Amino acid sequence: IRAPFVRKNLTPPDNLKSIFKNIRNHLAGMTSGITRDETFAYEMTKILFCKIFDEKTTENNETVQFYVIKNESTQSFVRRISNLFSNVIENNPESFKKKTKIDLDESSLRYIVNSLQRFCVTEADRDALGDVLEVFIGPALRGNEGQFFTPKNAVELMVKIIDPKPGESIIDPACGAGGFLSVCLNSIWSKLDNRSKKEKWAQSELNKHKTVSASKLFGIDKDNFQATVTRASMSLLGDGSSNIFCDNSLRNFFLDKDGMSEYVKTEKFDVVLTNPPFGSKIQIVGPDILSQYDLAK
């Protein structure tokens, strides 16, 4: 296998947005059996997880698994990508069920892998990542049951006003595709980068502070697809993906002892940044939820 498929030879992409647009257009025109944006987006999320996992688990001098050779047999190529996705499932049980498979035809899968294989997406410009996910996944989410992407400039303004600090616990209880969490993480890491330069930290010290900061970001969304998208987004940025939960953030978490109740507790967080879904057709009913809130009660 030639050098372009060695981990250290992957290059940071300079225009992921354009690449993902081309992939989206190709799938819409050529993929058989799929017509809905949400399905395309879900399949793309699976493949993004494969790409991220491959980059993070491959040493610099080792050969990556996310590639396709021009004359490679279908069996060899599909088996390698399927094995990669099996590893993704094993390491992300909260995102995918055990029997989940990539439901794209071999030709579409080849096109996507070929489009991304020479790039290191985890080293992409962070500001571009939110745009990429919104370009590809936005049509699947926008306007569904009152759910809308919060405009990026509004998100950035709100984060700038709140000015989250390293070490603060932050939650978005209606996180959607993770826009607030991504911008918060970027803001905090920028502060840590500046502090590192002033205090002349070793890279290991900086990485330790960034890991701690990422572990203090939490997101909840009752839509499993959106929660999965947020995990992919946070993984691309450098993690924070382990604290993303699919659940109803209005329910009483003290009533059960499973899932995220251990991690998400009332009055635990320093910062709440969110844009919850509003709409005349959205109704919350039942005393179990409503009785917790003075206005609803």
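Nothing in this text is a laboratory measurement; each read-out follows from the coordinates by a stated rule. A quick note: this is a predicted structure, and the numbers were derived from the prediction, not measured. Cβ atoms come from the backbone with ideal geometry, glycine included; neighbour counts cover every protein chain shown.
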| Hits among lysines - C-alpha to C-alpha of Lys99 under 20 Å, sequence gap 8 or more where chains match | Lys46, Lys51
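Need the full-extension length gain, Ser291 to Asn194, defined as separation in residues times 0.36 nm minus the C-alpha distance. One decimal, nm. Mind dumping the intermediate values first?
Details: separation 97, 0.36 × 97 = 34.92 nm, distance 4.60 nm.
Using 0.36 nm per residue and subtracting the Cα-Cα distance, I get 30.3 nm.
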| field | Spacing of the two label points (7 Å from each Cα toward its C-beta) at Ser115 and Ser82, in nm | value | 2.4
| task | Note the full-extension length gain between Ser215 and Glu90 as 0.36 nm times their separation in residues minus their Cα-Cα distance, in nm to one decimal. | result | 43.0 nm
| field | Overall Cα dimensions of region 150-230, principal axis frame, Å, largest first | value | 42, 24, 17
| query | Using 0.36 nm per residue, how much length does the chain from Thr63 to Lys152 gain when fully extended, once their Cα-Cα distance is taken away? | reply | 28.4 nm
| task | Kindly state, to the nearest 0.05, the FRET efficiency for Thr100 paired with Ile161, given R0 = 41 Å and r defined as their beta-carbon distance. | result | 0.55
| Label-point separation, Lys56 to His26 (7 Å along Cα→Cβ), nm | 2.5
